[in-house]
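Below: one structure, written as structure tokens.
The values are calculated or read from the model by the stated rules, or taken from the named source; none is laboratory data. What you are looking at is a predicted structure, and each value in this text was computed from that prediction instead of being measured. Please note: Cβ atoms are built from the backbone with ideal geometry, for glycine as well, and neighbour counts cover all protein chains shown. Accessible surface areas use protein heavy atoms only, side chains included; no ligands, DNA or RNA. Shrake-Rupley method; radii C 1.70, N 1.55, O 1.52, S 1.80 Å.
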Amino acid sequence: TPDATGLVKSFASSGSNVTGIAVNLVELTAKKLEFLKRISPSIKRVGILDADFTDPAGKFVQNELQKDAPQFGMEVVPYKVLNDIGPTSTAEITTLMEKIRPGDIDAFFYLPGPISNLPQNAQLVIDMARRLKIPAAFLLSSQVERGGLFTYAHDTVEMGKQTAVLVDNILRGKRPSAIPVGFSEKNTLVINLKTAREAGITIPESLLDIADTKIGK
């Protein structure tokens, strides 16, 4: 969240020439863990890419994950990425994903960050999860469209509408510091049913009922 990462003084007032719409990473992290548990109640070990070269949001989510996982009976298994963004880190992730064997982890949680944003790196994790037939929570709907199991994320279109209201207020003369920072008002659940079928994963009806998008029906 922007206050936790130091971007703003508080949600009530940034204390600077800044305002905006924030992503509630605390809520998203907890809900993704909850959904993983509902999909596969036996999950114990959740893998992540632990990259040194990441942004504050990535480290924030990682810390939240470490804090929340025990509440769901899970432990986090980090796969350390030492190299900066580029071909070297992609090669490193390739090796890490190829070395994961059945039973090493029960699920995967894909963290935000520059390394994670590269489509080829996300695909390596998607392919690993499909190979092992384990559930995995991703960041973006585009990653789910390419074979990831599911994502629960902020709705960028709705965030754009919320931001437009803030811009209108500023253009009318209101100081950004006087406009409270808001949270995204809508999150979307996207599930790839084709991936679930191929992996032998049963998605509970309770999740199917609330899914905004179901791919591969």
### Query
FRET efficiency for E34 and I170, Cβ-Cβ distance as r, R0 = 30 Å, nearest 0.05?
0.25
### Query
What nm value, rounded to one decimal, do you get for the distance between E98 and K133 when each label is placed 7 Å out toward the C-beta?
2.4 nm
### Message
Cβ neighbours within 10 Å, averaged per peptide: list 35-46, 131-142, 96-107 in order, most packed at the top.
### Response
131-142, 35-46, 96-107
### Message
If R₀ is 35 angstrom, what is the calculated FRET efficiency for the pair T202 and N63, using the beta carbon separation as r and rounding to 0.05?
### Response
0.65
### Query
What FRET efficiency do you get for L82 and T213 if R0 is 35 Å and r is their Cβ-Cβ distance, rounded to the nearest 0.05?
0.50
### Task
For K174, K32, give the ranking by accessible area with the largest first, probe 1.4 Å.
K174, K32
### Message
As a quick test, which of the pairs K59/K133; K31/K214; K67/K194; K44/K194; K32/K133; K99/K194 have an alpha carbon distance above 22 angstrom in this structure?
### Response
K59/K133; K67/K194; K44/K194; K99/K194
### Task
With a/c under 1.5 counting as rounded, go ahead and sort the stretch 20-127 into rounded, prolate or oblate using the C-alpha gyration tensor (a ≥ b ≥ c being the square roots of the eigenvalues; past the cut-off, prolate if a/b is larger than b/c, else oblate).
oblate
